[in-house]
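> Quick one: the structure is below, and I'll ask about it shortly.
The values are calculated or read from the model by the stated rules, or taken from the named source; none is laboratory data. Values in this document were obtained by computation on a predicted structure and should not be read as measured data. When we count neighbours, we look across all protein chains shown, and the Cβ atoms used for this are built from the backbone with ideal geometry, even at glycine. With ligands, DNA and RNA removed, areas are computed over all heavy atoms of the protein, side chains included. Shrake-Rupley method; radii C 1.70, N 1.55, O 1.52, S 1.80 Å.
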Amino acid sequence: MNQYMKGVLCTIIGGACWGISGTCGEYLCTYRGMDTRVLTDMRLLGAGIILCIFLACRERKKLQEFLHTPKALIHCIIFGVCGLMFTQFAYLTAISKTNAGTATVLQYLSAIIVLLVVCVKNRKLPVLRENIAIISCLLGTFLVATHGSFTSLYISKEGLLWGMLAALAAALYILIPQKLLSEWGSILPVGIGMLSGGIAFFFLMRVWKISVQFDLITALITVVIVLVGTVLAFTMFLKGTNMVGPARGNMLGCVEPLVATICSAVFLKTVFKAMDLIGFAFIIATVFILAKAEKTKARSEEHTSELQSH
């Protein structure tokens, strides 16, 4: 297997792990009465501790250098609280108010939020392809939320609100750590970010005061969420994206809502109507449209650079 195909496989595995994790979270919140605050904190702290142990064993010098760089450390803590902590809590709460498939798809609205932020930052209006993506995204959201009705919502107001917050959180998760990722790689900021986000969330939400009833099944599924849905998912996806590039990585990552929807329907018997699936398709299509635009832009810049060199 060549390097590119390895990257494709890693990216798909990472996205699939996220999808499975979403369904596991839905099961714990809906059928086991797990409080989303407890699940969020266990996911952040568990994954953060595991990744930090890995860093201490495999990249100790780099970790020590990072911890002695105050600017990078503060940036990482902000990423952990405003990016990772916010993302995990909003996403899991959206799942508890809707279902894993719907929450995961609504989270993909983050692509449009990132696009608009970049347009404002660069003081440029969206081009034709980007406008098509925005329209597709809005139409998809409308269909998922209302099933085509102009007078009522199909999903709950809370579900729609937390889905939108999950999208905003995911956008912050993408935008905040750009400089960190370019300077320090992916594992280190994510590990420290999850640990700092988990510690902050523990005290902000007073998690120790929330009663939790654990049995063997609850414990095993929680372990799956931490190990498979967080540590393995992040590691595989970031590794794969590094091999195939961000545009193709985003497209391949769309396996996440597909897996979450299938798992939710098969294992939890969640019923999705035709209008849900059409709305999902419109929202997911925005990722492909924007990825294609990014690829075209990269080729154009590469061609311009070649002409200038000649």
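> What are the residues in the stretch 4-28 that are aliphatic (A, V, I, L, M) and either in contact (Cβ under 8 Å) with a residue 12 or more places away in the chain or under 19 Å from F89 (Cβ atoms) (or both), if any?
Of everything in the stretch 4-28, those that are aliphatic (A, V, I, L, M) and either in contact (Cβ under 8 Å) with a residue 12 or more places away in the chain or under 19 Å from F89 (Cβ atoms) (or both) turn out to be V8, L9, I12, I13, A16, I20, L28.
> Taking K97, is it under 28 Å from D276 (Cα atoms) and surrounded by fewer than 24 Cβ atoms within 10 Å (Cβ to Cβ)?
Spelling it out, K97 is indeed under 28 Å from D276 (Cα atoms) and surrounded by fewer than 24 Cβ atoms within 10 Å (Cβ to Cβ).
> For the stretch 255-277, how many residues are surrounded by fewer than 19 Cβ atoms within 10 Å (Cβ to Cβ), part of a loop (DSSP other than H, G, I, E, B) and in contact (Cβ under 8 Å) with a residue 12 or more places away in the chain?
Summing the residues that are surrounded by fewer than 19 Cβ atoms within 10 Å (Cβ to Cβ), part of a loop (DSSP other than H, G, I, E, B) and in contact (Cβ under 8 Å) with a residue 12 or more places away in the chain in the stretch 255-277 gives 3.
> Turning to a different aspect of this structure: What is the one condition in (1) closer than 30 Å to A274 by Cβ; (2) among the small types (G, A, S); (3) outside any helix (DSSP H, G or I) that A167 does not satisfy?
Going through (1) closer than 30 Å to A274 by Cβ; (2) among the small types (G, A, S); (3) outside any helix (DSSP H, G or I) one by one, A167 breaks only (3).
> Which numbered condition trips up I192, out of (1) under 14 Å from C82 (Cα atoms); (2) at pLDDT 90 or above; (3) out of contact with any Cys (no Cβ under 6 Å at 6 or more places or on another chain); (4) hydrophobic (A, V, I, L, M, F, W, C)?
In the conditions (1) under 14 Å from C82 (Cα atoms); (2) at pLDDT 90 or above; (3) out of contact with any Cys (no Cβ under 6 Å at 6 or more places or on another chain); (4) hydrophobic (A, V, I, L, M, F, W, C), I192 misses (3) alone.
> Hey, does the stretch 214-226 have a residue that's within 18 Å of the chain's Cα centre (by Cα), open to solvent by less than 20 Å² (accessible area, probe 1.4 Å), touching a residue at least 24 places away in the same chain (Cβ under 8 Å) and farther than 18 Å from L92 by Cα?
no
> Right, here's the next one. Could you give me the residue pairs with C-beta distances under 7 Å whose first residue belongs to the stretch 83-97 and is closer than 21 Å to Y27 by Cα, whose second residue is of a type in the set (K, R) and part of a helix (DSSP H, G or I) wherever it lies, and which are 6+ apart or on separate chains?
Q88/R43
> Answer yes or no as to whether C57 is farther than 25 Å from D35 by Cβ and either open to solvent by 20 Å² or more (accessible area, probe 1.4 Å) or part of a helix (DSSP H, G or I) (or both).
Yes; evaluated as a whole, the condition is true for this residue.
Condition check ((1) part of a helix (DSSP H, G or I); (2) modelled with pLDDT of 95 or more; (3) open to solvent by less than 60 Å² (accessible area, probe 1.4 Å)) across all residues:
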residue	(1), (2), (3)
V117	yes, no, no
K121	yes, no, no
A133	yes, no, yes
A145	yes, no, yes
F150	no, no, no
W162	yes, yes, yes
